Amino acid sequence: MQIAHSIEDLRRLLKPAKQRAFVPTMGNLHAGHLELVKVAKQTLPDAICVASIFVNRLQFAPHEDFDSYPRTFANDCALLEAQGCDVVFAPQEKDLYPEPQVFKVHPPAELADILEGAFRPGFFVGVSTVVHKLFNCVQPDVAVFGKKDYQQLMVIQRMVHQMALPIHIVGVDTLRADDGLALSSRNGYLSSDERARAVELSATLKHMAASVLDQLSGNLASDAAKVVTQIEDEAMQSLRDKGWQPDYLVVRHQHDLSVVTQFSDAPLVVLGAARLGSTRLIDNLEI
Ligand code: PAF
């Protein structure tokens, strides 16, 4: 496995590559990331597999955990090498952002200012900008993202479509611990007591999904908006009662995350974000 610390190094290493499969990460890797690498290699077996490790300042608000975000580069490289990754792109900040990044990708408000975007203003501008820039550096044929960051995946898919980028985006199901907690780099912030309780978020989403399915089978089409609001409100209250501070727990359409006003054949997803102590976790479940 080779490591490129600059765009110039990366371009030199990738010059002979006929095909490139790409997994962007911020490091502090866990089994969920390694699954993305596995899928990248399966999707394009003859491609050079590239993973990037870059903690992107642009997607963190000033009060967020940019400085304390775990940087575990040596361990990340060992894991990537064992997974068969060919090239790690780990640019220095001064290489990716040699001057203030004033050209930015602004995703549409209806997709990027809701849910995560409402609670983390500017987050998807930061994500879209760095992913667009990483795409320009790597020039992948395929790029693989986890569905754990469901809204991020939607934003990237729309960006690639609207900008006519010749990249096939693959979304990969979330890997979970035995108790159901979605694997996440931020799980490491949980105390052992919080870790034991953290499953309550995915359990609540499961309960919401089951309630939606119940209502769908009851064919209460005309009451959809009311039914969904009630399921969401009850879920918020149930998590609050367990000592969480939920930001949102919602039922949305999968394809554009729009609000459900009518039950139809369009597939739905439940999404949630909530704080347990000082750790903010997100999760989702496709119905
Ligand atoms: O999902 C992540 O780890 C980040 O948002 C990404 C896509 C690597 C961009 O910094």
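The values are calculated or read from the model by the stated rules, or taken from the named source; none is laboratory data. All values reported here derive from a predicted model rather than from experimental measurement. Glycine gets a Cβ as well: all are built from the backbone with ideal geometry, and neighbour counts include every protein chain shown. Note: accessible area is taken over every heavy atom of the protein model, side chains too, but ligands, DNA and RNA are not part of it. Shrake-Rupley method; radii C 1.70, N 1.55, O 1.52, S 1.80 Å.
Here is a yes/no grid of residues against (1) under 25 Å from residue 97 (Cα atoms); (2) in a loop (DSSP other than H, G, I, E, B); (3) at pLDDT 95 or above:
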{"position": "29", "(1), (2), (3)": "yes, yes, yes"}
{"position": "35", "(1), (2), (3)": "no, no, yes"}
{"position": "39", "(1), (2), (3)": "no, no, yes"}
{"position": "42", "(1), (2), (3)": "no, no, yes"}
{"position": "45", "(1), (2), (3)": "no, yes, yes"}
{"position": "51", "(1), (2), (3)": "yes, no, yes"}
{"position": "63", "(1), (2), (3)": "yes, yes, no"}
{"position": "66", "(1), (2), (3)": "yes, yes, yes"}
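Which numbered condition in (1) within 13 Å of the ligand (Cβ to nearest atom); (2) out of contact with any Pro (no Cβ under 9 Å at 6 or more places or on another chain); (3) in a helix (DSSP H, G or I) is the only one that residue 91 fails?
Result: residue 91 passes all but (3).
Given the options 238, 211, name the one that is free of Cβ contacts under 8 Å to residues at least 60 places away in the same chain, open to solvent by less than 70 Å² (accessible area, probe 1.4 Å), farther than 28 Å from residue 171 by Cα and in a helix (DSSP H, G or I).
After ruling out the rest, the residue left standing is 238.
Considering only residues of segment 96-125 that are more than 22 Å from residue 258 (Cα to Cα) and open to solvent by less than 50 Å² (accessible area, probe 1.4 Å), which is nearest to the ligand (Cβ to nearest atom)? Reasoning before the result, please.
In the first step, residues of segment 96-125 are kept if they are more than 22 Å from residue 258 (Cα to Cα); the result is 96-104.
Those left that are additionally open to solvent by less than 50 Å² (accessible area, probe 1.4 Å): 96-97, 101.
Numbers: 96: 10, 97: 12, 101: 13 Å.
The residue in question is 96.
Do any residues in segment 49-60 that are under 10 Å from residue 138 (Cα atoms) have Cβ atoms under 7 Å from those of residues that are within 8 Å of the ligand (Cβ to nearest atom) and open to solvent by 20 Å² or more (accessible area, probe 1.4 Å), where the two are at least six apart or on different chains, and which pairs are they?
Close Cβ pairs (under 7 Å, with a partner that is within 8 Å of the ligand (Cβ to nearest atom) and open to solvent by 20 Å² or more (accessible area, probe 1.4 Å)) amount to 52/24.
If you scan segment 17-75, which residues turn out to be of a type in the set (Lys, Arg), open to solvent by 40 Å² or more (accessible area, probe 1.4 Å) and more than 15 Å from the ligand (Cβ to nearest atom)?
18, 38, 41
Determine which single condition residue 146 fails, assuming it passes every other condition in (1) farther than 16 Å from residue 274 by Cβ; (2) free of Cβ contacts under 8 Å to residues at least 24 places away in the same chain.
Failing condition for residue 146: (2).
Consider segment 129-154. How many of its residues are assigned to a helix (DSSP H, G or I) and within 7 Å of the ligand (Cβ to nearest atom)? Steps first, answer last, please.
If we filter segment 129-154 for residues that are assigned to a helix (DSSP H, G or I), which is where we start, we get 129-138, 150-154.
Applying the additional criterion that residues be within 7 Å of the ligand (Cβ to nearest atom) yields 130-131, 152.
So the answer is 3.
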